[in-house]
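Undergrad: Handing you a structure now.
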Amino acid sequence: MNGAWWAAVVQWRNWPLLVKLGVVLVVPVVGALVLGVLRVYQDVRLAESYRDIERVAALRVDLGHTLTAVQLERTEAARGGPNMALLAETTDAAIDRTRDTLGRAPELAEEVSLRYRAMTGTLGLLDYTRDRMINGGDRTVILNAYNAVTQAILDFDRALVGRFPDEQLTGTSIALNELQGMREQIGVQHATGLLGLADGQLTAVEGAPIVEAELRLDDNLGDFEAVAPPAMVGRYGRTVTGSALADRRVMTDAVRAGTARFDTDQWHASLSTSGDLMRQVSEDEARRLRAESGRLAEYISNRAGAESVLLLTLVLLAAGIGGGLGRYLVRSFGTLRRTALEVAATRLPEAVAAIRAGDTGQAAIQPVPLRTTEEFGQLARAFDAVHSQAVRSAADEANLRRDLSNIFQNLSRRSQGLVERQLRQLEALEQKADDPDQLANLFRIDHLATRMRRNNENLMVLSGATLSRRFTEPVPLSDVLRAAVSEVEQYQRALIRSAPGLRIVGYAAGDLIRSAAELIENATTFSPPQSQVVIESTERADGSLRVEILDQGVGMGDAELRTANERVAAGGGAGVPISRQMGLFVVGRLTARHGITVALGRREGAGLCAAVTVPATLVTHDEQPVPALTAHAGPVADRLELAGIHVRLPEFPSARTPASILFTAHTPVDSPAPAAGGFTWLRGPAGAPGVAPVAPAAAPVALGPNGLPKRVPKGQLLAPPAPPVAPPSGGAPARDPARARGFLSAFQAGVRDGQNQKGEA
């Protein structure tokens, strides 16, 4: 049960607002509609009941006419007059009208149906009574038969009294029945008196029915006055009055006292007048009862119709008001929602971008288009306040970023100036140094200063400043790659294979150098120390240049690789990168300036491939391709390979430490003539037998007067793809240069550490 209730609540919470409003409005509307329909239904039923009452009242009018006809026929039979045939036709016609009216009357109750069947059976006595009257039968029996018929009609009329639900109509209906009873008692007195006076003398036995009828008449009059409405009693008093009634009362009192002294004409005149007055009142009240029932039925029917129209109008009005209110609420909520989403997705980012770009005029956000003062208008103003605060916060953030950027620029420029001064001092010390070990240390410090300069430039890139190191002329691709390798800490592990004879436009060469240096730095940092990082470059069919930096590291997972590519792709944005991926952010920002794309991907086996694609608009062709630089290998290359340099020499030059052979001259010589007290690098043409690839050095130098190498700026070497070394004539297998270089590099590091420990001891 609780689970179902909670599911219903959750389902309700997820319903749209318009549906919720519809449900909230439907409940009271449906409730009012049900109550209204019930009320209309009750009124319709009441109107139908009054229609039934009207038909019953019409039936009672016809019953009154039938009763009058039978009473007249009975009086004529008591007189023995010649008008029996005419009165019989009148009675039969009244009975037929009563039956027709009864057929249009509503369905009768069980008791009423019994009374109707009894009356129908009693009416069959009329034919028998008329035959006896024609054949000269006993008129007392005939009179009793007529009395039975009239009594059956009165009983049926009394049974119809209960069909009236209205209290006033019920009183009128009961009073009308009492009037009919009073008429019947006068009719009985009239017929009985005429029959007794036929022989000229009314005996006590013949007068007993008259006395009994008078008693019943008094009872009926008392009941009439008790139940009849005051208006009906007043009409009765004004109608049933006069000398005829007084004479009837005197004669009936005389019959009761046994001193009757009147003749037939006096009795007939007095009782006929009294009966006519009673008949007039009863027939008028019966017609009035029918008219009142019809009026009430019409009133109730009209009221039901008016209630139906009113109910329909209220329902339509409630639906219209609810629909309009719901539409207003939904439209207001929709406006707030659309405006909030538009501000969050478009306006606020545009305002923030304008603020960061320094255009404060475009930073304003238009208010929510709701101008009302009720709750929705107040909510709209609250949204406007939130948006204004967001713009102010963005402006404050932009000012803070601008201040931090200025601070970074100032710090980086100061540090850059110090690094440049340090490089000049190192260059002066290198020119004066005679000790190879000291010179090697100075070169190492020189290289660290170069890396510090690159880090300062990265800081300037992050702060949004434009670097001052630019080239005015296109730079050969080989020089670009050598310059990038020279700025890497583990430069001896980077191997540049032969590059196409292309040049990079001057305004993009500096940024490409720094970007390639960052990618090479990452490759050397996150790959095994004994492995090589290979830089390959190819010209594509569309004229663009593709530079691939390949390492043999453990690689990256899918999520990390996707994050790194997103970091590079978003390098031009304003977000601050995390410290471990700052280099990728710098690469992305530098390459985004020139439309250069960088993509990181996996290599087959292990490692990563950083592919740099330079557009064709930034690439030009050399007049003459740059040849691959090679050097002759020699039998004493073991010590030279301590520096990661593969050469072939006719004889090993004189040197005191491995540090003295770490660097090579920028310009190769054609003959292998050693110099006294020093050495000279020997070069051979590319592809000569026994030639091994040459690895780049950190700071290429030339030889000084004392035979020591001297630093030459931008004197880096380019090594072609490593061809297999030809085996000696003795058939010994060729050595793997990369593997040998790795072992000798480790050996060189060990020798240096040992010398340092010896000096400290």
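Undergrad: Out of the total accessible area of region 299-368 (probe 1.4 Å, heavy atoms of protein only), what percent is carbon and sulfur?
TA: Taking all protein chains in place, region 299-368 shows 64 percent carbon and sulfur surface.
Undergrad: Using a probe of 1.4 angstrom, how much of the accessible area of region 158-292 is carbon and sulfur, in percent?
TA: Roughly 51 percent, rounded to a whole number.
Undergrad: How many nm is it between the label spots at D542 and R603, if each spot is 7 Å from the Cα in line with the beta carbon?
TA: Distance between label points: 2.6 nm.
Undergrad: Now for a separate question. So if R0 is 35 Å, what FRET efficiency would L86 and A226 give, r being the distance between their Cβ atoms, rounded to the nearest 0.05?
TA: Once the sixth-power term is evaluated, E becomes 0.35.
Undergrad: Does region 223-382 classify as rounded, prolate or oblate by the C-alpha gyration tensor (a ≥ b ≥ c root eigenvalues; a/c under 1.5 gives rounded; else a/b over b/c gives prolate, otherwise oblate)?
TA: prolate
Undergrad: So, one more: Please list, in chain and number order, the residues 5+ apart from V368 or on another chain whose amide H is under 5 Å from its amide H, with Hs placed from the backbone.
TA: D384
Undergrad: Show me 247-258, 417-428 ranked by packing, highest mean number of other Cβ atoms within 10 Å first.
TA: 247-258, 417-428
Undergrad: May I ask you to compute the full-extension gain from D131 to A570, defined as 0.36 nm times their residue separation minus their alpha-carbon distance, rounded to one decimal in nm?
TA: The span from D131 to A570 would gain 145.3 nm if fully extended.
Undergrad: OK, next. In terms of solvent-accessible area of protein heavy atoms at a 1.4 angstrom probe, what is the ranking of Y41, Y116, Y236, highest value first?
TA: Y41, Y116, Y236
Undergrad: Follow-up. S405 to L329: extension gain in nm, 0.36 nm per residue of separation minus the Cα-Cα distance?
TA: 22.6 nm
Undergrad: Rounded if a/c is under 1.5, else prolate if a/b is larger than b/c, else oblate: which is region 441-571, with a ≥ b ≥ c the root eigenvalues of its Cα gyration tensor?
TA: rounded
Undergrad: Taking the solvent-accessible surface of protein heavy atoms with a 1.4 Å probe, what is the per residue accessible area of region 180-224 in Å²?
TA: 37
Undergrad: Work out the FRET efficiency for R593 and Q431 from their Cβ-Cβ distance, taking R0 = 51 Å, and round it to the nearest 0.05.
TA: Efficiency at R0 = 51 Å is approximately 0.90.
Undergrad: Which percent of the accessible area of region 381-495 is formed by carbon and sulfur heavy atoms (probe 1.4 angstrom)?
TA: 54
Undergrad: Right, here's the next one. Rolling a 1.4 angstrom probe over the protein heavy atoms, how many square angstrom per residue are accessible across region 435-535?
TA: Spelled out: the 1.4 Å probe surface of region 435-535, per residue, equals 35 Å².
Undergrad: Give me the extension gain from T346 to T239: residue separation times 0.36 nm, minus the current Cα-Cα distance, reported in nm with one decimal.
TA: Residue separation times 0.36 nm, minus the Cα-Cα distance, leaves 28.8 nm.
The values are calculated or read from the model by the stated rules, or taken from the named source; none is laboratory data. Being a predicted model, the structure only gives us computed values, none of them experimental. Don't worry about glycine lacking a Cβ; one is built from the backbone with ideal geometry, like all the others, and counts go over all protein chains shown. Side chains included, ligands, DNA and RNA excluded: accessible areas come from the protein's heavy atoms. Shrake-Rupley method; radii C 1.70, N 1.55, O 1.52, S 1.80 Å.
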